[in-house]
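The values are calculated or read from the model by the stated rules, or taken from the named source; none is laboratory data. Since we're looking at a predicted model, the values are computed, not measured. Here the Cβ is made from the backbone with ideal geometry for all residues, glycine too, and neighbour counts use every protein chain on show.
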Amino acid sequence: MVLAGDQLRARTGQGPSGHRRPVRGISFQVRRGGDWSVPQARIRVEDKRLINCESVDVNQLMPLKYRWAWEHYLNGCANNWLPSEVPMGPDIATWRSDRLTAAERLLIMRNLGFFATAESLVANNIILAIFRHVTNAECRQYLLRQAFEEAVHTHAFHYIVESLGLDEGEVFNMYREIPAITAKDEFEMAITTDVLRPSFSTETCAGAQRLLEDLIGYYVIMEGLFFYSGFAMILSLHRRNLMTGIGEQFQYILRDETIHLNFGIDLINGIKEEQPALWTPDFQGHVRDLMRHAVDLEIAYARDALPEGVLGLRADMFQQYAQHIADRRLERIGLRAEYGAGNPFPWMSETIDLGKEKNFFESRVTEYRSAADLRWD
Ligand SMILES: [Fe+2]
Ligand SMILES: [Fe+2]
């Protein structure tokens, strides 16, 4: 069932002219600028909605309705780290030595180039596209945390480039100069274009589907598929004791991204639950098309980054890995698997699980500045 404009307006409390009428006596406009005023009545938790909510004050975090969003926020906060905590001395020595083959250097450079701008793409999509349209305070609290983590990740790539004395221009321009990277980023940017328009709204079925498409494009495909191939490439070197500083940075990023992915899937499934009419067979088919296209882009990227393969890694293994990951992601948003491919890197699952153990990241510096340390000199 597709909601017609009137039905959607009835749900959202919006009049046919686009003028928002007060809902339950609250003249507070949640999502857009303009007539902001403090609502008169206390909010009811059951009125909270992930999108298209006009009746609840988004400035008020409590009472919580979506506990998963708050849990993801707390888990994210428990994972504080900074790139500069990771010693890069061994990597500098390895990079200057002849321990790395030309193929391994290419693999490292391609992944630095891809992630260096992909992290910023994700951050900008959160702030400029997603945040405006999520009308739930606990989800926005998580989005603020995630945006900070994406900034830390971009920082990590600058820190690596600086530590190894790499050409900053080469790494940060790969997204426009290396076709396999450009293709993945253009795929993502195209998904955001409509959502970025000032006139964009989720009040129509087509608009809400566009936002869902954006969430799937970033959480499920960018962070859930494209990033995981990169993690497997770099962490396979780490397993061979090569470039362990970069490997450790990637382990921290992987730990954060696992939560980003889980939050995104909870948000997508939550919106589907709130507005089942959005999840039409046509839209499901569109999501499957997007995923198939993304897998093709990822395979092209693997061929570019691994033209001859390196010890234990070949491009065709990444074809299988991308298909395997795509299947898992499709299943988590309620779609059937597409490829039936096995996992060529079972150790990746172990790496993700290890991230949950407290002592896994024991090499980090944990002396964060706390309230007790605050001085005003
Ligand atoms: Fe990230
Ligand atoms: Fe992320």
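Can you tell me which residue within the range 153-166, out of those that are crowded, with 18+ Cβ neighbours inside 10 Å, within 16 Å of ligand 1 (Cβ to nearest atom) and of a type outside the set (Ser, Thr, Tyr), is nearest to Met88 (Cα to Cα)?
Selected residue: Ile160.
Identify, by number, the condition in (1) assigned to a loop (DSSP other than H, G, I, E, B); (2) over 20 Å from the mean Cα position of the chain (by Cα) that Gly334 doesn't meet.
With (1) assigned to a loop (DSSP other than H, G, I, E, B); (2) over 20 Å from the mean Cα position of the chain (by Cα) applied to Gly334, the lone miss is (2).
Going through the range 236-254 one residue at a time, which ones are more than 12 Å from the chain's Cα centre (by Cα) and within 16 Å of ligand 2 (Cβ to nearest atom)?
Residues satisfying the conditions are Gln249, Phe250, Gln251, Tyr252.
Of all the residues that make up the range 104-120, how many are crowded, with 19+ Cβ neighbours inside 10 Å and within 13 Å of ligand 2 (Cβ to nearest atom)?
3
Exactly one condition in (1) more than 16 Å from ligand 2 (Cβ to nearest atom); (2) in contact (Cβ under 8 Å) with a residue 12 or more places away in the chain; (3) within 23 Å of Ile191 (Cβ to Cβ) is not met by Met233; state its number.
Evaluating Met233 over (1) more than 16 Å from ligand 2 (Cβ to nearest atom); (2) in contact (Cβ under 8 Å) with a residue 12 or more places away in the chain; (3) within 23 Å of Ile191 (Cβ to Cβ) leaves (3) as the failure.
Quick grid of which residues meet (1) modelled with pLDDT under 95; (2) not in a helix (DSSP H, G or I):
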site: Leu242; (1), (2): no, yes
site: Gly247; (1), (2): no, no
site: Phe283; (1), (2): no, no
site: Glu298; (1), (2): no, no
site: Tyr339; (1), (2): no, yes
site: Asn343; (1), (2): no, yes
site: Trp347; (1), (2): yes, no
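Here's a check for you: in the range 130-145, which residue that is surrounded by fewer than 23 Cβ atoms within 10 Å (Cβ to Cβ) and within 17 Å of Ile191 (Cα to Cα) is nearest to ligand 1 (Cβ to nearest atom)?
Residue satisfying both the conditions and the ranking: Phe131.
Quickly run through the range 59-84 and pick out the residues that are under 30 Å from Asp167 (Cβ atoms) and buried (at least 18 other Cβ atoms within 10 Å of the Cβ).
Those that are under 30 Å from Asp167 (Cβ atoms) and buried (at least 18 other Cβ atoms within 10 Å of the Cβ): Trp81, Pro83.
Exactly one condition in (1) within 16 Å of ligand 2 (Cβ to nearest atom); (2) in contact (Cβ under 8 Å) with a residue 40 or more places away in the chain is not met by Ala151; state its number.
Failed condition: (2).
With the checklist (1) within 30 Å of Ser97 (Cα to Cα); (2) among the polar types (S, T, N, Q); (3) within 16 Å of ligand 1 (Cβ to nearest atom) in hand, flag the one item Asn262 doesn't pass.
All conditions are met except number (1).
Out of (1) of a type in the set (A, V, I, L, M, F, W, C); (2) surrounded by fewer than 17 Cβ atoms within 10 Å (Cβ to Cβ); (3) within 21 Å of Leu311 (Cα to Cα), what's the single condition that is false for Ile127?
Of everything listed in (1) of a type in the set (A, V, I, L, M, F, W, C); (2) surrounded by fewer than 17 Cβ atoms within 10 Å (Cβ to Cβ); (3) within 21 Å of Leu311 (Cα to Cα), Ile127 misses just condition (3).
Could you check how many residues of the range 53-100 are more than 22 Å from the chain's Cα centre (by Cα) and in a loop (DSSP other than H, G, I, E, B)?
From the range 53-100, those more than 22 Å from the chain's Cα centre (by Cα) are 53-65, 84-100; that's our starting set.
Of the ones still in play, those that are also in a loop (DSSP other than H, G, I, E, B) are 53-65, 86-88, 97-100.
Total meeting the criteria: 20.
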